[in-house]
1. Please determine whether any residue of region 94-105 is out of contact with any helix residue (DSSP H, G or I) (no Cβ under 6 Å at 6 or more places or on another chain), in a helix (DSSP H, G or I) and loosely packed, with under 12 Cβ neighbours inside 10 Å.
2. Among the listed residues Glu96, Glu54, Glu78, identify the single one that is acidic (Asp, Glu), more than 29 Å from Val113 (Cα to Cα) and out of contact with any Asp or Glu (no Cβ under 9 Å at 6 or more places or on another chain).
3. Going through region 50-62 one residue at a time, which ones are surrounded by 14 or more Cβ atoms within 10 Å (Cβ to Cβ) and under 10 Å from the mean Cα position of the chain (by Cα)?
4. Report, ordered by the first and then the second residue, all pairs with beta carbons closer than 7 Å, sequence separation of six or more or different chains, a first member in region 57-71 that is free of Cβ contacts under 8 Å to residues at least 24 places away in the same chain, and a second member that is among the basic types (Lys, Arg) and outside any loop (DSSP other than H, G, I, E, B).
5. Tell me yes or no: at least one residue of region 74-83 is in the same structural domain as Lys20 (by TED's automatic domain parsing), among the aromatic types (Phe, Trp, Tyr) and in a helix (DSSP H, G or I).
6. Where the second residue is of a type outside the set (Lys, Arg) and surrounded by 10 or more Cβ atoms within 10 Å (Cβ to Cβ) and the first is at negative phi and lies in region 14-32, which pairs have Cβ atoms under 6 Å and are six or more apart or on separate chains?
7. Out of curiosity, is Ala87 small (Gly, Ala, Ser), part of a loop (DSSP other than H, G, I, E, B) and either farther than 18 Å from Ile52 by Cα or modelled with pLDDT under 95 (or both)?
Amino acid sequence: MPGVETRQHSQAFFNWYAEKFLAHALEFLRQSPTKLEIQVQINRLTQQIQFIIEIDRLKQVIRQTLLTDGSRRENSAEHSWHLAVMAIVLAEYAPEGVDIFHAIKMLLIHDLVENDAGDTFCYACAG
(Lines give C-alpha, C1' and ligand atoms only; values in the text may rest on other atoms or scores of the structure.)
Protein backbone atom coordinates (compact mmCIF):
# COMPACT_ATOMS: atom_id res chain seq x y z
CA MET A 1 0.00 0.00 0.00
CA PRO A 2 1.63 3.27 -1.12
CA GLY A 3 -0.15 5.39 1.49
CA VAL A 4 1.27 3.38 4.40
CA GLU A 5 4.87 4.16 3.46
CA THR A 6 4.04 7.86 3.13
CA ARG A 7 2.32 7.92 6.53
CA GLN A 8 5.33 6.18 8.08
CA HIS A 9 7.67 8.71 6.47
CA SER A 10 5.45 11.56 7.69
CA GLN A 11 5.38 10.11 11.21
CA ALA A 12 9.18 9.79 11.20
CA PHE A 13 9.45 13.41 10.12
CA PHE A 14 7.00 14.46 12.84
CA ASN A 15 9.02 12.56 15.45
CA TRP A 16 12.28 14.16 14.27
CA TYR A 17 10.72 17.62 14.34
CA ALA A 18 9.18 17.01 17.77
CA GLU A 19 12.61 16.06 19.12
CA LYS A 20 14.06 19.31 17.78
CA PHE A 21 11.15 21.20 19.31
CA LEU A 22 11.74 19.64 22.71
CA ALA A 23 15.32 20.89 22.71
CA HIS A 24 14.06 24.36 21.82
CA ALA A 25 11.31 24.10 24.44
CA LEU A 26 13.82 23.31 27.17
CA GLU A 27 15.69 26.48 26.31
CA PHE A 28 12.41 28.38 26.32
CA LEU A 29 11.55 26.98 29.77
CA ARG A 30 14.82 28.26 31.16
CA GLN A 31 13.47 31.76 30.49
CA SER A 32 10.59 31.10 32.96
CA PRO A 33 7.61 31.60 30.62
CA THR A 34 4.06 31.24 31.88
CA LYS A 35 2.14 28.00 31.31
CA LEU A 36 -0.05 29.82 28.82
CA GLU A 37 2.97 30.98 26.79
CA ILE A 38 4.27 27.41 26.74
CA GLN A 39 0.91 26.01 25.61
CA VAL A 40 0.57 28.66 22.89
CA GLN A 41 4.00 27.80 21.52
CA ILE A 42 3.32 24.05 21.61
CA ASN A 43 -0.05 24.52 19.86
CA ARG A 44 1.49 26.71 17.16
CA LEU A 45 4.30 24.26 16.45
CA THR A 46 1.88 21.32 16.37
CA GLN A 47 -0.26 23.14 13.79
CA GLN A 48 2.82 24.02 11.73
CA ILE A 49 3.99 20.40 11.68
CA GLN A 50 0.50 19.22 10.72
CA PHE A 51 0.54 21.72 7.84
CA ILE A 52 3.96 20.50 6.67
CA ILE A 53 2.67 16.93 6.66
CA GLU A 54 -0.46 18.03 4.79
CA ILE A 55 1.47 19.79 2.02
CA ASP A 56 3.62 16.68 1.60
CA ARG A 57 0.47 14.93 0.34
CA LEU A 58 0.55 17.11 -2.80
CA LYS A 59 3.25 14.79 -4.11
CA GLN A 60 0.59 12.08 -4.41
CA VAL A 61 -1.93 14.16 -6.39
CA ILE A 62 -1.36 13.41 -10.07
CA ARG A 63 -2.44 16.23 -12.38
CA GLN A 64 -4.00 16.03 -15.83
CA THR A 65 -1.10 17.85 -17.50
CA LEU A 66 2.02 16.19 -18.84
CA LEU A 67 5.60 17.25 -18.22
CA THR A 68 7.02 19.27 -21.10
CA ASP A 69 8.86 16.19 -22.38
CA GLY A 70 5.57 14.23 -22.36
CA SER A 71 7.06 11.37 -20.33
CA ARG A 72 4.48 11.41 -17.53
CA ARG A 73 1.90 13.53 -15.75
CA GLU A 74 3.19 15.92 -13.11
CA ASN A 75 2.10 15.90 -9.49
CA SER A 76 0.68 18.94 -7.72
CA ALA A 77 3.83 19.57 -5.67
CA GLU A 78 5.92 19.73 -8.86
CA HIS A 79 3.34 22.02 -10.44
CA SER A 80 3.35 24.49 -7.53
CA TRP A 81 7.15 24.47 -7.29
CA HIS A 82 7.53 25.05 -11.03
CA LEU A 83 5.12 28.00 -10.99
CA ALA A 84 6.94 29.56 -8.01
CA VAL A 85 10.31 29.25 -9.76
CA MET A 86 8.80 30.75 -12.92
CA ALA A 87 7.63 33.74 -10.87
CA ILE A 88 11.18 34.23 -9.56
CA VAL A 89 12.77 33.91 -13.01
CA LEU A 90 10.23 36.20 -14.69
CA ALA A 91 9.92 38.73 -11.84
CA GLU A 92 11.69 41.44 -13.82
CA TYR A 93 8.70 41.53 -16.22
CA ALA A 94 6.10 42.12 -13.51
CA PRO A 95 4.53 45.57 -13.35
CA GLU A 96 6.06 47.93 -10.83
CA GLY A 97 4.58 47.50 -7.37
CA VAL A 98 3.81 43.79 -7.70
CA ASP A 99 4.80 41.99 -4.51
CA ILE A 100 6.69 39.02 -5.95
CA PHE A 101 7.17 37.38 -2.55
CA HIS A 102 3.40 37.46 -1.99
CA ALA A 103 2.81 36.01 -5.47
CA ILE A 104 5.30 33.20 -4.78
CA LYS A 105 3.57 32.35 -1.50
CA MET A 106 0.22 32.19 -3.30
CA LEU A 107 1.66 30.00 -6.06
CA LEU A 108 3.09 27.57 -3.50
CA ILE A 109 -0.22 27.06 -1.72
CA HIS A 110 -2.80 27.59 -4.49
CA ASP A 111 -3.44 23.87 -5.05
CA LEU A 112 -3.66 22.67 -1.43
CA VAL A 113 -7.35 21.97 -2.00
CA GLU A 114 -6.29 19.22 -4.43
CA ASN A 115 -5.31 17.08 -1.43
CA ASP A 116 -9.03 16.59 -0.87
CA ALA A 117 -10.57 17.38 -4.25
CA GLY A 118 -7.95 15.98 -6.63
CA ASP A 119 -6.99 17.74 -9.84
CA THR A 120 -9.98 18.81 -11.90
CA PHE A 121 -9.19 19.79 -15.46
CA CYS A 122 -10.21 23.39 -16.12
CA TYR A 123 -12.51 22.41 -19.00
CA ALA A 124 -14.12 19.42 -17.27
CA CYS A 125 -17.91 19.21 -17.63
CA ALA A 126 -18.22 17.66 -14.16
CA GLY A 127 -16.07 17.60 -11.03
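The values are calculated or read from the model by the stated rules, or taken from the named source; none is laboratory data. A quick note: this is a predicted structure, and the numbers were derived from the prediction, not measured. Quick reminder, even Gly has a Cβ in these numbers, built from the backbone with ideal geometry, and neighbours come from all protein chains shown.
1. Applying the first criterion (out of contact with any helix residue (DSSP H, G or I) (no Cβ under 6 Å at 6 or more places or on another chain)) to region 94-105 yields 94-99, 101-102, 105.
Adding the requirement that they be in a helix (DSSP H, G or I) leaves 101-102, 105.
Subset that is loosely packed, with under 12 Cβ neighbours inside 10 Å: 101-102.
The answer is yes, given that some residue of region 94-105 is out of contact with any helix residue (DSSP H, G or I) (no Cβ under 6 Å at 6 or more places or on another chain), in a helix (DSSP H, G or I) and loosely packed, with under 12 Cβ neighbours inside 10 Å.
2. After ruling out the rest, the residue left standing is Glu96.
3. Ile53, Ile55, Asp56, Arg57, Leu58, listed by residue number.
4. So the pair list comes out as Thr65/Arg73; Leu66/Arg73.
5. Quick first cut of region 74-83, residues in the same structural domain as Lys20 (by TED's automatic domain parsing) only: none.
Among the residues of region 74-83, not one is in the same structural domain as Lys20 (by TED's automatic domain parsing), among the aromatic types (Phe, Trp, Tyr) and in a helix (DSSP H, G or I), which makes the answer no.
6. Pairs that qualify, where the first residue is at negative phi and the partner is of a type outside the set (Lys, Arg) and surrounded by 10 or more Cβ atoms within 10 Å (Cβ to Cβ), are Phe14/Ile49; Tyr17/Ile49; Phe21/Leu45.
7. The answer is no for Ala87.
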